[in-house]
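What follows is a set of notes on a single structure, which appears directly below.
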Number of protein chains: 2
Amino acid sequence: MKPYVIGIDLGGTNTVFGIVDARGVVIASSSIKTAKHANFDDYVDELYTELTRLIEANDAKDKIHGIGIGAPNANYYTGKIEDAVNLPWETPIDLAGKISDKFGLPVNVTNDANAAAIGEMTYGVARGLKDFIMITLGTGVGSGIVINGQLVYGHDGFAGELGHVTMKRNNGRLCGCGRTGCLEAYCSATGVARTAREFLEIRKEPSLLRNLPIDEITSKDVYDAAVSGDALAKEVFDYTGEILGQAFADMTVFSSPQAFILFGGLAKSGELLMRPLRASMDRNMMSIFKGKPKILLSELKEADAAILGASALGWEVKPLATTVSQA
Amino acid sequence: MKPYVIGIDLGGTNTVFGIVDARGVVIASSSIKTAKHANFDDYVDELYTELTRLIEANDAKDKIHGIGIGAPNANYYTGKIEDAVNLPWETPIDLAGKISDKFGLPVNVTNDANAAAIGEMTYGVARGLKDFIMITLGTGVGSGIVINGQLVYGHDGFAGELGHVTMKRNNGRLCGCGRTGCLEAYCSATGVARTAREFLEIRKEPSLLRNLPIDEITSKDVYDAAVSGDALAKEVFDYTGEILGQAFADMTVFSSPQAFILFGGLAKSGELLMRPLRASMDRNMMSIFKGKPKILLSELKEADAAILGASALGWEVKPLATTVSQA
């Protein structure tokens, strides 16, 4: 097997990519601006130019086993992005097909949270785990579910949208997906900021957060205030952990995972989030599962995680057919 | 491969068992009273006597490939019943081990809902489906989840307890599992009867159900009243279908199944349940999954379904070791 894979993390703002070896070391990496090109083919051209430069500079030509791409709503089965609100291109985008044609290499794609799960299983804290759920707590809440050592793609390739389980059936917050009460509307970085704003409006207590313009409060502000001992900011994390724990208890009755693995900005909140999360999981857990699922933190270096996650898919590619039989 | 398997459905009241061929025909069946024996070994003795009689009467000796057993809380990995409130025996019960020793045949066990899912996949409406969720709507709500053609047992063998996802986080009904607000407390036969009682107490409208002693109302009474045109009884089904549809929408974001397959008493309520269920699923479904998962009804003959479900596990057994190496 060739010794390297390419990992590409296609995000709404930036596309980061790198060359990765079998031990999960990112040999070299770079990035381009995703939104710079109004046309997807122009984007592919720039990506090709930059990646080729990287490959040649690292003497990796003819040593690439495959390319893995993590991208919003990318479908493992079809290779396409069928609907992506944050990208400037017309959908469906034939992501795997176009990249494969351009590079002459086999390509696998999936969404970023699934890529993170595979990355964690290949290089990270999930090595050796056969049943776990990866939860990414970023701007949104993403998930990648692994059951019996296999990523769950579901019938249509879109399984594992656990950010959109309904946590509040009455008077729930509007979610980006158009429904209300989704986990993502509460337990993402955005959700934490929304909770802080709600608390500040409804309550009277003093808080460091009152020194900030209310509409500009971020989850980072809430974290900083909580670390400084601000009681209201701490309660925002209690509220977030409570809901996340309820969700984890429900997910456990589905697939009984060994662990939930957390990744993303909020996952770095330490005991501010972990203490209420563990307490809520325990309180809401069905008795036969009590104390069983662990909560683990991603072990992938944050700067490399997106590339590593995507790259792990590159090991699983099927070789390209050597002859094209289009009569 | 030997042409027959034995299916045993171990229930709290009765144990039914039969000899099944590869096409899913129950060649012969019988039953014994589960609760008659205070001692599990005595129960196994009676089961052995009765089953041996059945096997000999049908000339099936030496033609049995394996035994499959569906039983409450039976664990596929350990072969044991670790905790079963409805059985008279001390747990853990080494179900697979004791039955295998007695019969000299390999044995697989799982819980009844998982057995139903495997039965449906082997002989029923799920033939050819790789991603589906079996939901049994009986006294409780059970489930068996199939992903990529494999039953989901989870890390510990207890996965697929979808009757215990939380549907009401505030003021939810007490569930048999000790928690509150579980799906089972609303969408089981018992749940339907509870809903009817709640409606009768809270509301003033006339209803045929008011002719019955309120504490004795069953889901069958509610069904009969609804079929007779009783508006309140119909609303009980609307309420049940609404909650079940909410639950199915949430389950869909987990594994994106091709179908939900319904089995059990309530599943025979026809459009009374199906119409509000479909409407609720559609209203609550995340847009990328909208219209995708079908609702199907079990195709297994009810009298045979429990035996067939259990028997399907019998095809998957590993042969017994022929020599015992206990030095």
Along Cα→Cβ at 7 Å, what distances in nm separate the B:Ser31 label point from those on the other copies, shortest first? 6.6
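Scanning chain A for helices, which whole DSSP H stretches are 18 Å or more long along the axis (Cα) and average -0.5 or more by Kyte-Doolittle?
On the way: long enough: A:40-57 (26 Å, -0.27); A:189-202 (20 Å, 0.21); A:231-255 (36 Å, 0.49); A:271-284 (19 Å, -0.67); A:302-314 (19 Å, 0.96).
The answer, listed by residue number, is A:40-57, A:189-202, A:231-255, A:302-314.
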Given H placed 1.01 Å from N in the peptide plane, which residues other than close sequence neighbours of A:Ile295 have an amide H under 5 Å from its amide H? A:Phe260
The percentage of Cα-Cα pairs in the protein assembly as shown separated by more than 50 Å is 18
For segment B:1-144, diffusion coefficient by Stokes-Einstein and Kirkwood Rh (Cα), 25 °C, 0.890 mPa s, µm²/s: 157
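Given Cβ point charges of +1 (Lys, Arg) and -1 (Asp, Glu) and nothing else, what value in debye, to the nearest 20, does the dipole of the protein assembly as shown about its Cα centre take?
On the way: 64 positive and 78 negative charges, 56 e Å.
My answer is approximately 260 debye.
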Scan around B:Asn14 for amide H atoms under 5 Å from its own, H built in the peptide plane at 1.01 Å from N, and keep only partners 5 or more places away or cross-chain. B:Thr34
So, relative contact order of segment B:128-298 in percent, Cα under 8 Å, 6 or more apart, is 23
Other-copy label distances relative to B:Lys130, 7 angstrom Cα-Cβ extension, nm: 2.0
Run the quick spin-label model on B:Lys292 and B:Arg53: label points 7 Å from Cα toward the beta carbon, then report their separation in nm to one decimal. 5.2
If the label for B:Ala57 sits 7 angstrom from Cα along the Cα-to-Cβ line, what are its distances to the same label in every other copy, in nm to one decimal, shortest first? 8.2
For chain B, state what percent of all Cα-Cα pairs lands in each successive 20 Å bin, counting from 0 Å until the bin that includes the largest distance. 31, 54, 14, 0
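If you wrap a convex hull around the Cα atoms of segment A:128-299, how much volume per residue is inside, in Å³? It would help to have the intermediate numbers written out before the result.
Working: hull volume 20.8 nm³, N = 172.
In segment A:128-299, the Cα hull volume divided by residue count equals 121 Å³.
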When we measure straight from the Cα of A:Lys220, which lysines land under 16 angstrom away, once same-chain ones fewer than 8 places off are left out? A:Lys234, A:Lys268
Among B:Ala117, B:Ala35, B:Ala267, residue whose mean-square fluctuation peaks in a GNM of chain B (springs only between Cα atoms under 10 Å): B:Ala35
Below 8 Å, C-alpha to C-alpha, sequence gap of six or more: please give me the relative contact order for chain A in percent. 21
State whether segment A:236-301 is rounded, prolate or oblate according to the following rule on the C-alpha gyration tensor (a ≥ b ≥ c being the square roots of its eigenvalues): a/c under 1.5 gives rounded; otherwise a/b larger than b/c gives prolate, and the remaining case gives oblate. oblate
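Before rounding to the nearest 500, sum -39500 (n - 2.57) across all DSSP H runs of length at least 4 in the protein assembly as shown and divide by the residue total; then give [θ] at 222 nm in deg cm²/dmol.
Calculated at 222 nm, the ellipticity per residue is -11500 deg cm²/dmol.
Each reported figure results from applying straightforward, stated rules to the coordinates on display, with no laboratory input. These numbers come from a predicted model, not from an experiment. Cβ sites come from the backbone with ideal geometry, for glycine too, and all protein chains shown count toward neighbours.
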